[in-house]
Amino acid sequence: MANQRLTTGALLRYIRGNTSEKATLQVVGIKPIESKTDDPSGSAKRYRLMLSDGKSTFSSCMLGTQMNKLIETDSLKENSIIRVDRVMVNSIDKQNGRVMLMLYEIEILQSDCERIGDPVALPLTDIINSGTNTNRLETTNNNQAQAPISAAASSATNVIRQDSKALPTLDDRKKSNGDNRLGSKGTNGIDKERIINIDTLNPYMTKWTIKARISNKSQIRTYENARGPGKLFSCDLVDQSGEIRATGFNAECDKFYSMLEIGEVYYIAKASLKAANRQFNNTNNDYEMTFNHDTIIEACDAGEGENIPQVQFNFISINDIANRSANSICDVIGVVKSTSDMQTIVSKASQKEFNKRDLLLVDEKASISVTLWGQQAEEFDGSSHPVVAFKGIKIGDFNGRTLSCINSTLIRQDPPETQRTVELRVWFDNEGKSIDLPDLSKGADTGNRQTVIKTLSQIVVEGLGLGDKPDYVCVKGITTLIKKDTAVYMMCPEEKCGKKVVDENNGTYRCEKCNKTYNNFKWAYMISAEISDVTGAQWITIFRNEAETLLGVTADEFGNHKLNQSESIMEDIIRKAMNRELIFKLRAKAEQYNDERKIRFTCMSVNDMDWSSHGRRLINEINQMEPIQN
DNA sequence: CCCCCCCC
């Protein structure tokens, strides 16, 4: 009696592609599958079921992950009776034509049950050898809509050996799935039999089809140029071999923008390819794609794109951002340590208002400011300190290094594709949340790191400091001269004045700026020093904190020695600061002296060579320096 | 064929 409750023969019919039937089956085995990816988050956990239709069993049945909870809550267990509401056949072994049933929707009809009947395993090899090949795509388009029925009829008696002629083709299966798109070559140009890998695409190929997932899609943007107005969108395509950026303009923008959905898989044939522009495109491919009027895009059937990966990241560490050039694009992952409120700014260029939000993103070595704009800023919630991956984010150089999202930046919270998500989570929760790391977005904290190291002659050759805005540059050099007698001056005691006062030699000090006479003054540093490297020498000016760092005594102390005419003490202090190999961050700015334009170099920071963190990079840079002949 | 992504 119970036996009749199961849909006898349904498993074989499913395997042959007639997946439209909603069969009642018994779950006779459940097996968790260890994740093939090394994703430790557990999100990739899958269950493999052995199903019975009363006569036969089939063990290659994958339960959609959204139904994992049915097993984990003990609703679905051994001998449960289910109705299969949506199932797909997936090829798992192209050579041998082995298939797997993907269960996308099931309903539990009865949770607890006894084993029904005495089913035996479908001898799959027999089916295969008799000619079933789910990959085989017949190009004939005969009306064989009855084929699944005949297959069902023959398998109803559980006959395993089948005449291959009686087997339905994939086209038939598509019909039986209610899918009337005939994805064969000659009908619409999509040749699903000859799918090539994205990493083999090049501009010299004309006929190709790829099967790719949309990992990212931009908004539509309009533009105007000499040829008039236009619009475009771009998207990133991934398959198991790699990724590529694709762009659709105007007609193709209209045609494909709404059709392509992030996360979905498509067959794409015929598009233009050209060299990727690295300035705007960080996808890991030498080429980028432009959709044209010959381009054909067709959605992949549900379940058939499961083997296509989700998204590909090429992360660099936050520290490494310091070594990338401003305005370049990269992929970064980190933990959101803090989030600013939303702010509104007015663009200088367009006078338009924009919403923005800043995040402090941290990894194990460093932190950096990340700016989100518009909708991404409005929607972002960092209160739970999520791990966030940014793909295609732009590096800026305000106050060191910053990151700023652009139109094509993909933001993913807690991405399961990468082990970094879990690594960073564990690190942050255990220690990261309570430690302060160097911030690449704060010039002072990072010392020289955010500025390029140049030789003194490079500074001259490149004309640094000649522009209207100051240039910032780092120099590795030694102190070759330090003017002792003018190292400190008497400064106006008025807060924020800073002007030099004139000693009236009667216990009062006159400040011309304040136009006042004071009873006291403050000592202040303004050191003139010559620094040298192998390419030349340069006079620079060193104030306050940097001077104190260099000389190791406060301006007050040094001034008192000067007041006491303790020449030997001052000389000693200077001597200790001489011939030291240091990294100077300099501000170069042209100033007008009468008719002469002179570049003034002000020391912004002075640091000892920190070989532990900068040594390797510095050595590399120094080794790459060409000796400059005069 | 775009390539602007805004502010300090």
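The values are calculated or read from the model by the stated rules, or taken from the named source; none is laboratory data. Not measured: the values here are computed from a predicted model. When we count neighbours, we look across all protein chains shown, and the Cβ atoms used for this are built from the backbone with ideal geometry, even at glycine. With ligands, DNA and RNA removed, areas are computed over all heavy atoms of the protein, side chains included. Shrake-Rupley method; radii C 1.70, N 1.55, O 1.52, S 1.80 Å.
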(request) In Å and from the alpha-carbon atoms only, list the Rg and Dmax of segment A:453-616. (result) 17.4, 57
(request) Along each of the three principal axes of the Cα atoms of segment A:318-431, give the extent in whole Å, ordering the values from largest to smallest. (result) 44, 30, 23
(request) Choose one of A:375, A:334, A:346: the residue whose Cα lies farthest towards the positive end of the charge dipole of segment A:318-431 (beta-carbon charges +1 Lys, Arg; -1 Asp, Glu; about the Cα centre). (result) A:346
(message) Can you tell me what share of the DSSP beta bridges in segment A:453-616 is antiparallel? A percent to the nearest 5 is fine.
(response) 95 percent
(message) What does the net charge come to around residue A:215 if you take all other residues with beta carbon closer than 9 Å to its beta carbon, with K and R at +1 and D and E at -1?
(response) +1
(message) How big is the dipole moment of segment A:453-616 about its Cα centre under a simple scheme where the beta carbon of each Lys and Arg is +1, that of each Asp and Glu is -1, and everything else is neutral? Debye, nearest 20, please.
(response) 320 debye
(request) Rounding to the nearest 20 debye, state how big the charge dipole of segment A:318-431 is about its Cα centre with +1 on each Lys and Arg Cβ and -1 on each Asp and Glu Cβ. (result) 460 debye
(message) Tell me the carbon and sulfur percent of the accessible area for segment A:526-607, rounded to whole percent, probe radius 1.4 Å.
(response) 43 percent
(message) Can you sort A:557, A:21 by solvent-accessible area, 1.4 Å probe, largest first?
(response) A:557, A:21
(request) Straight distance only, please: which lysines reach the Cα of residue A:270 with their own Cα at less than 22 Å, same-chain residues fewer than 8 apart left out? (result) A:185, A:192, A:207, A:211, A:217, A:231, A:255
